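Peer 1: One structure, as structure tokens, below. Some questions next.
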Amino acid sequence: MNMKKLLFAVVCALAFVACKQGKSDADLAGAQLRDSLNRVIEQKDTEINDLMSTMNEIEEGFREINEAENRLSLARDGEGANREQRIRENLQFIQSTMKQNRELIAKLQRQLREGSIKGDQLQRTIENLTKQMEEKDKQLQQLREELDAKDIHIMDLDEKIANLNTNVDNLTEEGNRKTQKINDQDQQLHTAWYVFGTKDELKEQRIYDGGKVLQGNFNRSYFTKIDIRVTKEIKLYSRSAKMLTVHPASSYTLQRDANKQYVLRITNPQQFWSTSKYLVIQVK
């Protein structure tokens, strides 16, 4: 075989391989496209089935509510010992089914919002279902008013109202207790005691004992109780005064009045009482 024939054979072989490879790539791309389309169709089918299932449940709920309303009307206008029992059971069923329908409508709205299926008709359907629920609410309220007008009280509803009132009373009582506790704590926080007397008087009450102040079992009833926010001046009625308890010097002054008797003026109550809530002053 000469060189030209050999070259021609090689070119033909390469062309055949390229053609076969191109066909394989095209087949693969086509298969992938078909799979993708099938998945989209399956997803749409699933969403449509879910939407239809939810709407069917809602319609079934409305049908059951209508039937229960008819039974309730018959029981309301009827007689018998178990009349209120039948009214109560049907009313409870209506309330439960309406709650379920509200949840299903919310689910339908969520499916429309999050899904790939959109449409004005579907949106209008949801709006109509919502209006039906609003109408049912009005009908149920009207029915309650008619029952009240006929002095037909549903026991469990009365109990719920009674329980609600009890809860309100309990909350009010608890609030009053908490308020009182806060007031008591606030009062304690701003309460202090003071006493002034001669050395012998203070010893007699064991307030000043063995050169120490407020040690041991001293007579607390001998002290005067004050509110530190109010009492900021204490007249000592003596020309001699000595502080036996320790208080910051910058928080008070001891000054004489016109009669040369000492008066304790507390200029900074919080600071003054920060070291001790008891004040002891020795006078003569």
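The values are calculated or read from the model by the stated rules, or taken from the named source; none is laboratory data. On a predicted model such as this, the values are computed, not experimentally measured, just so you know. As a convention, Cβ positions derive from the backbone with ideal geometry for all residues, glycine included, and neighbour counts pool all protein chains shown. These area figures cover heavy atoms from the full protein model, side chains too; ligands, DNA and RNA do not enter into them. Shrake-Rupley method; radii C 1.70, N 1.55, O 1.52, S 1.80 Å.
Peer 1: Starting from the amide H of L279, placed 1.01 Å from N in the peptide plane, find each other amide H under 5 Å away whose residue is 5 or more places distant or on another chain.
Peer 2: Hits under the 5 Å cutoff: W193, Y194, V195.
Peer 1: Pop out the carbon and sulfur fraction of the accessible area of region 176-284 as a percent, whole number, probe 1.4 Å.
Peer 2: Carbon and sulfur atoms account for 45 percent of the accessible area of region 176-284.
Peer 1: Divide the volume of the convex hull of the Cα atoms of region 214-281 by its number of residues and quote the answer in cubic angstrom per residue. Numbers along the way, then the final one.
Peer 2: Numbers: hull volume 6.5 nm³, N = 68.
In region 214-281, the Cα hull volume divided by residue count equals 96 Å³.
Peer 1: I would also like to ask the following. Cβ neighbours within 10 Å, averaged per peptide: list 57-68, 211-222 in order, most packed at the top.
Peer 2: Numbers: 57-68: 16.7, 211-222: 12.1.
Taking the mean over residues of other Cβ atoms within 10 Å, the ranking is 57-68, 211-222.
Peer 1: Over the heavy atoms of E173, what accessible area does a 1.4 Å probe trace out, to the nearest 10 Å²?
Peer 2: So the heavy atoms of E173 present about 100 Å² to solvent.
Peer 1: Go through K181/K212; K212/K284; K107/K131 and tell me which ones have a Cα-Cα distance over 25 Å in this structure. Kindly include the intermediate steps, with their values, before the conclusion.
Peer 2: Working: K181/K212 35 Å; K212/K284 18 Å; K107/K131 16 Å.
With Cα atoms farther than 25 Å apart: K181/K212.
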